Amino acid sequence: MSEGVDIRTIKERALKLEEPLKSLILSEPDSMSKEDYFAKSETWLKLLQIGGPEK
């Protein structure tokens, strides 16, 4: 079994982001497998590029 990745720091930073990325990240569990993290972070980065910079 794969070791989990804690994303609580990412969730804290997500509070400054615009929707829908903010809600998407905040809806995730505080910890996930490395595989899930890498797959989801790719999507998060694409959404961040579409949405523009942080506030």
Next item on the list: Within segment 40-55, work out how many residues are small (Gly, Ala, Ser) and surrounded by 11 or more Cβ atoms within 10 Å (Cβ to Cβ).
Entry: 2
Margin query: Condition first: touching a helix residue (DSSP H, G or I) at 6+ places or on another chain (Cβ under 7 Å) and not in a loop (DSSP other than H, G, I, E, B). Now tell me which residues in segment 1-13 satisfy that.
Written below: 5, 10, 11
Notebook entry, point to check: For segment 14-39, how many residues meet the condition of being surrounded by 13 or more Cβ atoms within 10 Å (Cβ to Cβ) and either of a type in the set (Phe, Trp, Tyr) or part of a helix (DSSP H, G or I) (or both)?
Noted result: 8
Item checked: Cβ pairs under 7 Å, 6+ apart, first in segment 1-27 and farther than 15 Å from residue 40 by Cα, second acidic (Asp, Glu) -> 2/35; 16/54; 17/54
Next item on the list: Scan segment 5-41 for residues that are of a type in the set (A, V, I, L, M, F, W, C), under 12 Å from residue 51 (Cβ atoms) and over 10 Å from the mean Cα position of the chain (by Cα) and jot them down.
Entry: 17
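Read-outs throughout are calculated quantities, based only on the coordinates presented, and are distinct from any laboratory measurement. Model, not experiment: these values are computed from the prediction. Every residue, glycine as well, gets a Cβ built from its backbone with ideal geometry; the counts of neighbours run over all protein chains shown.
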